[in-house]
1. Computed FRET efficiency, Cβ-Cβ of residue 233 and residue 53, R0 45 Å: what is it to the nearest 0.05?
2. Let me have the relative contact order for the chain, percent, based on Cα pairs under 8 Å that are six or more residues apart.
3. Hey, with R₀ at 51 Å, roughly what FRET efficiency would residue 197 and residue 115 work out to, going by the Cβ-Cβ distance, to 0.05?
4. Using the Cα centre of the chain as origin and beta-carbon charges of +1 (Lys, Arg) and -1 (Asp, Glu), tell me which of 201, 167, 99 is placed farthest towards the positive end of the dipole.
5. Post the alpha-carbon centroid distance, segment 40-66 to segment 183-246, in whole angstrom.
6. Can you pull out the trypsin sites (Lys or Arg not before Pro) in segment 1-83 whose DSSP state is coil and whose Cβ has at most 11 other Cβ atoms within 10 Å?
7. Using the Cβ atoms and a cut-off under 13 Å, what net charge is assigned to the surroundings of residue 206, where Lys and Arg are +1 and Asp and Glu are -1?
8. In debye, nearest 20, what is the charge dipole magnitude of the chain about its Cα centre with +1 on Lys and Arg Cβ and -1 on Asp and Glu Cβ, if you could check?
Amino acid sequence: MSAVDETLLSRWRQVHQTPVTGWDLSELDGCSIEQQPPWSYLDLAREALVGANRALDLGTGGGEVLLTLVGALPRDTVATEGWVPNIAVATRNLASRGIPVVPYNAESDPSLPFQDDLFDVVLDRHEAYVASEVFRVLQPGGRFLTQQVDGRDFEETQAIFGGQSSYPDVTLEHLRADALAAGFEVTASQEWRGQARFADVATLVRYFAYVPWEVPDDFSVDRYALQLLDLHNSARDLTFTQRRFYLYARHPY
């Protein structure tokens, strides 16, 4: 391996191993271009929150998105977060707004740590959830809004690095069926496919630090050095397919 290759790998190791906290990808601004869905999650959330007395935000990350909704949130708002490094970040970010953060991860414990019929709005942006549990904690007439990353997101990485989708069942079809089985009335939904483009391999590797589920579980710069160097040396267009969908549902009276 040449000295140039070793220099590249050293740089990529550094950007990949730098700790990630919160959910702020602004460090990639100018180095990546991501198309956006035709809907606005924030606008949909504000609409769902109209008249709400109690709201729950599932998987708040570092609280960054929830903070943009502060003007629409009811005084009684609670957030959950399942990734340990983010719990402290979210707690700090949301404390000034009086929003408590409850540790919770639906992938390890399906039972939400809240009583029945407690909330009239549940929000979920890119977080795993159990439809029957969301239904349980919602009051009759309550609203549930979720935006999800489709399990087929960035499917090109499978051709590059191997592996398969970590979440093959995360599709609008499956989640709509789950919502209906739980007792929800699905009032609106939409799916979208767009593109994300990265300036170089370093930016792509840093993105993978934020979204490790887009690559094999054993991903590291050293383990996949040949593939990464091939991407760099071939000057391949680093464009990947994004997939998103949202689902808006109501707990019937």
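Just so you know, all these numbers are worked out from the coordinates, no wet-lab data involved. Quantities reported herein were computed from a predicted structural model and do not represent experimental measurements. Counting neighbours? That spans all protein chains shown, and the Cβs are built from the backbone with ideal geometry, glycine included.
1. Here the calculated transfer efficiency is 0.20.
2. Numbers: 459 pairs, mean separation 60.4, N = 253.
Relative contact order, the chain: 24 percent.
3. Numbers: r = 46 Å, r/R0 = 0.90.
FRET efficiency, residue 197 to residue 115: 0.65.
4. Farthest towards the positive pole: 99.
5. About 26 Å separates the Cα centre of segment 40-66 from the one of segment 183-246.
6. Values: sites: 11, 13, 46, 54, 75; in loops: 75.
Counting only loop positions with at most 11 other Cβ atoms within 10 Å, the trypsin sites (Lys or Arg not before Pro) in segment 1-83 are 75.
7. Working: positive: 11, 13; negative: 24, 27, 29, 200, 214.
In short, -3.
8. On the way: 20 positive and 36 negative charges, 109 e Å.
Roughly 520 debye for the chain.
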